[in-house]
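*Asks:* Below is the structure I would like to discuss, written out as structure tokens.
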Amino acid sequence: MRDVAVVGVHMLKFGRYPDKDVVQLASETTIAALKDAGCSINDIELVASGNLYQSNAMIGQRVMKEIGATGIPVINVANACATGSTAFREAYYSVASGAYDTALAVGSEQMGKMGLLGAGGGGDRAYSTEGIMGTGLMPGVFGQAGVEHMRKYGTTQEQIAKIAVKNHEHGVLNPNAQYRKETPLEDVLNARVIAWPNTLYMCCPTGDGASAAVLMSAEKAKKYTSKPVWVAASILTSDPYQERNPTMFDINTVTRNAAKQAYDTAGIGPEDLDMVELHDCFATAELLHYENLGLCADGEAGKLIDDKETYNGGKIPVNVSGGLLSKGHPLGATGVANITEIVWHLREEAGDRQVKGAKTGLAHVIGLGSACTINVLKR
Amino acid sequence: MAQETATEKKTNPIVKFLRIPDKYPDEAAYFWGMQCGACDAKFLGARLACGKCGETDKLSEVKFGDEGEIYVFSVVHQTVPGLEAPYVGAIIDLDDGVSIRANVYGLDPEKPDTSWFGKRVKMFTEVTAQDRDGNDVVAAKFRVQE
């Protein structure tokens, strides 16, 4: 495999864009990422487009028609919440393999106010099991995952709530975040319960957004940038057999397997990371991933947040962007956006929320069902 | 001329791994699934192959019992329109070695508590809806055992 650099990135502030369609959102961010890279669509040899809810709508090709239909290969990717990061990985391998010198990954989603994920479903409503035979709604599923940690280690709801406090505090400093409002601990704990132990502020919002990244071979990158950010590992795993899965989704093993491969590939350990953007779709999820990614020992995640070690300025800053809880989670855009965030920090361009001296960052995404991506970036 | 007979109403399970005997409710409904003859892994419902080891030929049908314990739970407050909330959505580990998603009754959903872990539960079934064709739809639920 060849070395691959991220040369240009962009993300459109996550939020609600009722007056635009998703192709416009994806096109805007793609043009901006190309400008950031100092090149044009004519320099791109392959496009991977991630979009989940319109995965059959050829979003990638429609973006090309909008910004320059050059006839290159375009791949439309869907992989649950890991859609954008899987598109990034497609772009990465296209260049790393030597098949192409430049590739672009774009992730986009327009969710509007769609309400609870998983609450839809076609067919005969009489056969819907929700609330009849347990829960498959995301807040309930991730509630159960957090409760498993409570059972194993005695973790408390208050400890998990502290993660929401942190991420909202971080989000205040991010101009691209959907919500920029602090939520003190009392507010988080007193907010209405969505699915215990997760209250409203412990659940990420729905929203619209897009993000793009331009990747190049080392040789090509030299011509375009003096600040390349290198992809040290780009890993994708699916969930292996586990006794309770899929009755109970297993978000842990799939992440642990990806983390091991990522650290091996990059030749580093978790102690070498300067920052992590991980998949905090719910506060309970971030808690679990502290251990899954090896940021602390098993059973120590509650202590890690108690000690504020994952704040910006702590031992290992996690989700300084505000995370999904504050920055937002337009599904297909998320995986590219957290890579974009890390690239900005490694280029010292992250403004007020800059992680000082960041040299190595890890971006983690999990798509339930399950897919896990981990991208390790180095400057 | 043959006389047309009215379509007979059926009693259907809400999930395929719940089996409703012909004599239901006199005869109890039960969970069923497949067990792999190569690695012993158990699964809910029908399978083409073993999801653990990939075995394709040595799978046999098994009937699961109706008792187990609460592994983990959530209490769902915000849900699909029309559903009564809050409800306890749990993962039940059946004594026979498979896990089931289930609503659990006999607990106060307003007071979730870690003392619920490991609580013994027993399955019961009831008609929860009628489908578009007017058939009864039967679901399995769990109740805490005293």
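The values are calculated or read from the model by the stated rules, or taken from the named source; none is laboratory data. For clarity, every value in this text was computed on a predicted model and none was experimentally measured. Quick reminder, even Gly has a Cβ in these numbers, built from the backbone with ideal geometry, and neighbours come from all protein chains shown.
A quick yes/no check of all residues on (1) part of a loop (DSSP other than H, G, I, E, B); (2) among the charged types (D, E, K, R):
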{"residue": "A:Thr129", "(1), (2)": "yes, no"}
{"residue": "A:Met133", "(1), (2)": "yes, no"}
{"residue": "A:Gly146", "(1), (2)": "no, no"}
{"residue": "A:Lys152", "(1), (2)": "no, yes"}
{"residue": "A:Gln159", "(1), (2)": "no, no"}
{"residue": "A:Ala164", "(1), (2)": "no, no"}
{"residue": "A:Asn167", "(1), (2)": "no, no"}
{"residue": "A:His170", "(1), (2)": "no, no"}
{"residue": "A:Pro175", "(1), (2)": "yes, no"}
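*Asks:* Which condition does A:Val188 not pass, out of (1) over 11 Å from A:Thr284 (Cα atoms); (2) within 11 Å of chain B (Cβ to nearest Cβ); (3) touching a residue at least 12 places away in the same chain (Cβ under 8 Å), if it passes all the others?
*Replies:* Evaluating A:Val188 over (1) over 11 Å from A:Thr284 (Cα atoms); (2) within 11 Å of chain B (Cβ to nearest Cβ); (3) touching a residue at least 12 places away in the same chain (Cβ under 8 Å) leaves (2) as the failure.
*Asks:* Can you say whether A:Ala5 is surrounded by 22 or more Cβ atoms within 10 Å (Cβ to Cβ), modelled with pLDDT of 95 or more and either part of a loop (DSSP other than H, G, I, E, B) or over 18 Å from the mean Cα position of the chain (by Cα) (or both), as far as the supplied structure shows? Step through it out loud before you land on a result.
*Replies:* Values: surrounded by 22 or more Cβ atoms within 10 Å (Cβ to Cβ): yes; modelled with pLDDT of 95 or more: yes; either part of a loop (DSSP other than H, G, I, E, B) or over 18 Å from the mean Cα position of the chain (by Cα) (or both): yes.
The answer is yes for A:Ala5.
*Asks:* Kindly indicate which of A:Tyr201, A:Tyr153 is within 30 Å of B:Pro109 (Cβ to Cβ) and more than 13 Å from chain B (Cβ to nearest Cβ). Explain how you work it out, then say what you get.
*Replies:* Values: A:Tyr153 fails: more than 13 Å from chain B (Cβ to nearest Cβ).
Just one listed residue meets the conditions, A:Tyr201.
*Asks:* So, one more: State all residues of region B:22-40 that are assigned to a loop (DSSP other than H, G, I, E, B) and either touching a Phe, Trp or Tyr at 6+ places or on another chain (Cβ under 7 Å) or aliphatic (A, V, I, L, M) (or both); if no residue qualifies, say none.
*Replies:* B:Ala28, B:Ala29, B:Ala38 - these are the residues of region B:22-40 that are assigned to a loop (DSSP other than H, G, I, E, B) and either touching a Phe, Trp or Tyr at 6+ places or on another chain (Cβ under 7 Å) or aliphatic (A, V, I, L, M) (or both).
Conditions tested, residue by residue: (1) polar (S, T, N, Q); (2) more than 15 Å from A:Ser85 (Cβ to Cβ); (3) assigned to a strand (DSSP E or B).
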residue: A:Ala212; (1), (2), (3): no, no, yes
residue: A:Lys222; (1), (2), (3): no, yes, no
residue: A:Lys227; (1), (2), (3): no, yes, no
residue: A:Ala233; (1), (2), (3): no, no, yes
residue: A:Thr237; (1), (2), (3): yes, no, yes
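*Asks:* Next question. Only one residue in A:Ala285, A:Ala218, A:Ala232 is buried (at least 18 other Cβ atoms within 10 Å of the Cβ), at pLDDT 95 or above and over 26 Å from B:Gly51 (Cβ atoms). Which one?
*Replies:* Answer to the check: A:Ala232.
*Asks:* Taking only region A:133-150 into account, find how many residues are hydrophobic (A, V, I, L, M, F, W, C), at the interface with chain B (Cβ under 7 Å from one of its Cβ atoms) and surrounded by fewer than 24 Cβ atoms within 10 Å (Cβ to Cβ).
*Replies:* Of the residues in region A:133-150, 3 are hydrophobic (A, V, I, L, M, F, W, C), at the interface with chain B (Cβ under 7 Å from one of its Cβ atoms) and surrounded by fewer than 24 Cβ atoms within 10 Å (Cβ to Cβ).
*Asks:* Assess whether B:Pro25 counts as being touching an Asp or Glu at 6+ places or on another chain (Cβ under 6 Å), more than 10 Å from every other protein chain (Cβ to nearest Cβ) and either surrounded by fewer than 17 Cβ atoms within 10 Å (Cβ to Cβ) or farther than 28 Å from A:Gly143 by Cα (or both). Working first, answer last.
*Replies:* On the way: touching an Asp or Glu at 6+ places or on another chain (Cβ under 6 Å): no; more than 10 Å from every other protein chain (Cβ to nearest Cβ): yes; either surrounded by fewer than 17 Cβ atoms within 10 Å (Cβ to Cβ) or farther than 28 Å from A:Gly143 by Cα (or both): yes.
Against the criterion (touching an Asp or Glu at 6+ places or on another chain (Cβ under 6 Å), more than 10 Å from every other protein chain (Cβ to nearest Cβ) and either surrounded by fewer than 17 Cβ atoms within 10 Å (Cβ to Cβ) or farther than 28 Å from A:Gly143 by Cα (or both)), B:Pro25 does not qualify.
*Asks:* Okay, moving on. So, in region A:325-358, how many residues would count as being surrounded by 24 or more Cβ atoms within 10 Å (Cβ to Cβ), in contact with a His (Cβ under 7 Å, 6 or more places away or on another chain) and closer than 22 Å to A:Val165 by Cβ?
*Replies:* Within region A:325-358, residues that are surrounded by 24 or more Cβ atoms within 10 Å (Cβ to Cβ), in contact with a His (Cβ under 7 Å, 6 or more places away or on another chain) and closer than 22 Å to A:Val165 by Cβ number 2.
*Asks:* Yes or no: region A:85-107 includes at least one residue that is β-branched (Val, Ile, Thr) and more than 23 Å from A:Arg379 (Cα to Cα).
*Replies:* no
*Asks:* Being of a type outside the set (Asp, Glu) and on the phi > 0 side of the Ramachandran plot is true for just one of B:Gly106, B:Gly37, B:Gly51. Which residue is that?
*Replies:* B:Gly106
*Asks:* Output the number of residues of region A:162-178 satisfying the condition of being surrounded by fewer than 24 Cβ atoms within 10 Å (Cβ to Cβ) and within 21 Å of B:Gln78 (Cα to Cα).
*Replies:* 0
*Asks:* Right, next: Six or more apart or on different chains, Cβ under 7 Å: which pairs go from a residue in region B:73-90 that's more than 7 Å from chain A (Cβ to nearest Cβ) and buried (at least 18 other Cβ atoms within 10 Å of the Cβ) to one that's part of a strand (DSSP E or B) and of a type outside the set (Lys, Arg)? Could you list them?
*Replies:* B:Pro86/B:Val75; B:Pro86/B:Val76; B:Val88/B:Phe73; B:Val88/B:Val75; B:Val88/B:Asn103; B:Val88/B:Val104
*Asks:* Please go through region B:101-128 and give me each residue that is in a strand (DSSP E or B), within 7 Å of chain A (Cβ to nearest Cβ) and free of Cβ contacts under 8 Å to residues at least 60 places away in the same chain, ordered by number.
*Replies:* First, the residues of region B:101-128 that are in a strand (DSSP E or B): B:101-105, B:120-128.
Filter once more, keeping what is within 7 Å of chain A (Cβ to nearest Cβ): B:101-103, B:128.
Across region B:101-128, the qualifying residues are B:Arg101, B:Ala102, B:Asn103.
*Asks:* Moving on. Which residues, taken from region B:129-144, are part of a loop (DSSP other than H, G, I, E, B), of a type outside the set (D, E, K, R) and free of Cβ contacts under 8 Å to residues at least 60 places away in the same chain?
*Replies:* Result: no residue meets the conditions.
*Asks:* Kindly evaluate B:Asp96 against the criterion of being closer than 23 Å to B:Lys119 by Cα, away from every other protein chain (no Cβ under 12 Å) and in a loop (DSSP other than H, G, I, E, B).
*Replies:* yes
*Asks:* Out of region A:250-274, which residues are surrounded by 22 or more Cβ atoms within 10 Å (Cβ to Cβ) and assigned to a loop (DSSP other than H, G, I, E, B)?
*Replies:* Passing the criteria: only A:Leu273.
*Asks:* While we're on this one: Among A:Ser94, A:Ser85, A:Ser55, which is the only one that is farther than 30 Å from A:Pro18 by Cβ and not hydrophobic (A, V, I, L, M, F, W, C)?
*Replies:* The conditions single out A:Ser94.
*Asks:* I'd like to check something: does region B:37-46 contain any residue that is at the interface with another protein chain (Cβ under 9 Å from one of its Cβ atoms) and under 30 Å from A:Met202 (Cβ atoms)?
*Replies:* No, region B:37-46 contains no residue that is at the interface with another protein chain (Cβ under 9 Å from one of its Cβ atoms) and under 30 Å from A:Met202 (Cβ atoms).
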